[in-house]
Each structure stands twice: as C-alpha cells, then as structure tokens.
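Every number in this text was worked out from the coordinates using simple rules, so none of it is lab data. These numbers were taken from a predicted model, which means no experiment stands behind them. Every residue, glycine as well, gets a Cβ built from its backbone with ideal geometry; the counts of neighbours run over all protein chains shown.
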Amino acid sequence: MNYGEILSDDKLDQIRELVVSRGKRVPLQHLLKTIDFAGVSLICDPRALIPRQETEQLVEILTQTISPSFDGNIMDLGTGSGAIIIALCHLLPNARGFGLERCPKALSLAKENITQCKLDGRIELLGFDWHEGELPNIKVDLMVSNPPYLDQHEWVSAEEEVKLHDPYDALVSENKGTSDFLRVIELASKKLKSGGILALEFGNNHADIAFAAMAGEFKVKIWRDYSQRRRFSVAIKL
C-alpha cells in the first residue's frame with residue numbers, strides 16, 4: 001500500500017514466494033499465519049481447521065442471546081484452533097471456558113492461541129474423543145460445537161484450499177454428514193441441566209434433522225447464516 005516505497009531484493013523475493021504459494025492454492029490464512037475471528041487475532045496453520053466466517057456468526061448469535069454478565073462454564077466440543085471458546089471468553093469476561101479436542105496437533109495450536117489472547121487463566125483444554133466416552137465431570141451452562149458435517153461428496157467437490165490444507169477429520173462426518181452433530185446432541189442431552197444452552201453449527205440440509213433430534217428435550221431456535229441457509233441452532237434444555 002506504500003506506493004512510494006522501493007522494496008529490497010530480499011523483500012521482493014519474500015513476496016514472490018508468497019505469490020507462488022498462493023498460486024498453488026495454499027490458503028491465504030496459512031501464508032499470513034494469522035486470522036481475525038470475532039474480535040480476536042489467532043494463529044492459523046494446518047494443525048486445525050481455518051475458522052470460518054459462518055462460525056463467527058454463531059459467536060455473534062450467542063452474544064446476542066446471552067447476557068454480557070454471563071458467569072457460567074462454556075464447553076466447546078471439537079475446539080480445533082480454539083477460535084469459538086477464545087472469542088466467547090473474550091466477549092464474556094466473567095465466563096470460564098473448556099475446550100475439548102481429540103487431535104493433539106489442534107490442541108497445541110489452541111494452547112498457543114489461548115496464551116496469545118491472554119486467556120490461560122480462564123480456558124482449560126482437555127483431550128477428548130466424543131466417539132469413545134462420556135463428557136468430563138464438569139458443570140456446564142453453555143455447550144457449543146462446530147463439528148464435522150460435510151459428507152464425502154461435498155468434500156470431493158470442495159476447493160483445493162480445503163481438500164489439501166484443512167484436516168479431513170475436522171470436515172467430514174459419516175451418515176451424510178450427520179453423525180458427529182447428532183453425537184454432540186446426545187452428549188448435551190445427558191450433560192446439560194434445565195436452562196442449559198446448546199449451540200450448534202451444521203450443514204445446509206441438516207436443520208430439520210437437528211431440530212428433530214432435540215425436540216422434546218430442548219426448546220430450539222434455528223438461525224440462518226448470511227447466505228440465508230439454515231445453519232445454526234440455539235437450544236435451551238427443558
């Protein structure tokens with residue numbers, strides 16, 4: 001942006017290398033090694049899924065739904081880079097967070113991001129695979145998750161930036177993309193007490209399936225994303 005600046009050869013070589021990498025479909029966020037997400041700056045690299053704009057909207061919906069004075073425990077299932085739990089604890093200064101994740105590489109990135117955002121004292125990370133066990137014995141007031149929800153066909157047709165650089169297991173779920181978010185709903189049904197909140201992101205065609213899975217145990221509201229797709233649910237345990 002500094003049009004009058006004469007760049008050194010070293011700087012020009014750096015720029016050329018970045019341009020070549022971008023031409024090979026390396027995501028811009030990986031080249032910059034950072035991403036702004038819901039008011040916080042995060043380290044971004046191949047250890048975890050690149051946080052999406054849609055997921056920022058889930059954070060926005062929650063902060064519109066919950067009082068700024070909220071002082072309960074938030075559990076983020078499949079925390080990845082830590083984006084959701086970090087953003088929520090940043091925006092809700094009295095909350096305490098727990099990020100659960102099965103991938104050691106993602107946990108290491110989340111730890112770096114928590115430290116960078118100066119939230120070490122308020123967010124705890126735990127290794128957890130929701131396919132293999134029940135949730136830790138922690139009181140939870142708000143449970144949130146952006147689980148894998150693409151089916152195999154959607155993954156195959158995705159852009160190269162996604163297929164080559166985002167972790168497959170963070171994107172693709174069995175049974176037409178429904179297995180993981182249905183498991184999260186099952187865990188939340190057992191864990192949350194009356195009045196507890198479950199917030200989910202899911203795929204384009206999953207809203208009715210998610211609603212049906214929660215009906216009877218939760219009061220459910222479905223929210224649309226900026227493209228008017230039914231993308232999110234916020235549900236209160238009855």
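Is it true that some residue in segment 10-27 is of a type outside the set (G, A, S), crowded, with 18+ Cβ neighbours inside 10 Å and closer than 28 Å to S108 by Cα? The answer is yes, given that some residue of segment 10-27 is of a type outside the set (G, A, S), crowded, with 18+ Cβ neighbours inside 10 Å and closer than 28 Å to S108 by Cα.
Could you list, in sequence order, the residues of segment 158-212 that are aliphatic (A, V, I, L, M) and in a helix (DSSP H, G or I)? Within segment 158-212, V162, L164, A170, L182, V184, I185, L187, A188, A207, I209, A210, A212 meet the criteria.
Applying a threshold of 8 Å to beta carbon distances and a minimum spacing of six or more residues, or different chains, the list of pairs starting in segment 126-153 at a residue that is over 17 Å from L107 (Cβ atoms) and ending at one that is of a type in the set (G, A, S) and part of a helix (DSSP H, G or I) reads M143/A188; Y149/G177; L150/G177; D151/G177. Of the residues making up segment 68-120, just one is in contact with a helix residue (DSSP H, G or I) (Cβ under 8 Å, 6 or more places away or on another chain), in a helix (DSSP H, G or I) and surrounded by fewer than 23 Cβ atoms within 10 Å (Cβ to Cβ), namely L91. If you check every pair at least six apart or on different chains, which have Cβ atoms under 6 Å apart with a residue in segment 189-202 that is farther than 16 Å from P147 by Cα first and a residue that is among the acidic types (D, E) and assigned to a loop (DSSP other than H, G, I, E, B) second? Sorted first by the residue in segment 189-202, then by its partner, the pairs are S189/E217; G196/D141. When you check I222 against the structure, is it in a strand (DSSP E or B), in contact with a Ser or Thr (Cβ under 6 Å, 6 or more places away or on another chain) and of a type in the set (A, V, I, L, M, F, W, C), yes or no? Yes: the conditions hold for I222.
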